[in-house]
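Worksheet: the structure to be examined is printed underneath.
The values are calculated or read from the model by the stated rules, or taken from the named source; none is laboratory data. Treat the numbers as computed from the prediction; the structure is a model and nothing was measured. Neighbour counts run over all protein chains shown; Cβ positions are idealised from the backbone, glycine included.
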Amino acid sequence: METTGVVRRIDELGRIVIPKEIRRSLGIKDGASLEIYVDRDVVALKKHSTMNNLVEMANIYTETVYTTIKAEMFITDRDNIISCPNLRKKEFLNKQISNFLEECINKRNKIKEEDIRKLQLTEDKFIDCSYVISPIVANGDVIGLVILISSGKINDTLKNIVDIAAQFLGKNVEE
């Protein structure tokens, strides 16, 4: 653990302000959840993702979709791509999602793009593909996205696969 040299006082309600520069450099947005860890006299904060518990299940799901129908599925939390097919892991896994995908989360957008277009998954990665995007909703909040990309046309069956995956993951977070 490295020191920042920043010292803050705890107010009378037990609150402490994390400086804007630190929040910005770590990608901690307003309203983000943080986990608190304690080890003797050290208190550490870590960005929390409700999707953390589903990563293993999401990995199995994305690989099964790829091996079964040869379509690539990406699963995100609110910040990063948390699961994708093995052949894309180096390129995309744990990378911050694009502004376009953040907007899909914030607006709860379901998108079905049947024709080949440029899809921006991360800030620096575009893929020419047709795609379908469905938000993962748990307890009324959007917690991530399921994205399926294809080099062919997106049909209703592929759209349904994405919708089922999003609902399945959302229900598992609620349990």
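Scan the stretch 116-124 and tell me whether some residue there is of a type in the set (D, E, K, R), buried (at least 21 other Cβ atoms within 10 Å of the Cβ), touching a helix residue (DSSP H, G or I) at 6+ places or on another chain (Cβ under 8 Å) and not in a strand (DSSP E or B). No, because not a single residue in the stretch 116-124 is of a type in the set (D, E, K, R), buried (at least 21 other Cβ atoms within 10 Å of the Cβ), touching a helix residue (DSSP H, G or I) at 6+ places or on another chain (Cβ under 8 Å) and not in a strand (DSSP E or B). Within the set D30, D79, the sole residue that is touching a helix residue (DSSP H, G or I) at 6+ places or on another chain (Cβ under 9 Å) and either surrounded by 13 or more Cβ atoms within 10 Å (Cβ to Cβ) or at pLDDT 95 or above (or both) turns out to be D79.
Out of I147, I154, one residue alone is surrounded by 15 or more Cβ atoms within 10 Å (Cβ to Cβ) and in contact (Cβ under 8 Å) with a residue 60 or more places away in the chain. It is I147. Return yes when N59 is over 22 Å from N139 (Cβ atoms), surrounded by fewer than 14 Cβ atoms within 10 Å (Cβ to Cβ), at pLDDT 90 or above and not charged (D, E, K, R) and no when it is not. Criteria not met by N59. Checked across the stretch 89-104, the condition of being touching a residue at least 24 places away in the same chain (Cβ under 8 Å), within 13 Å of the chain's Cα centre (by Cα) and either surrounded by fewer than 13 Cβ atoms within 10 Å (Cβ to Cβ) or not assigned by TED's automatic domain parsing to the domain that holds D79 (or both) holds for at least one residue.
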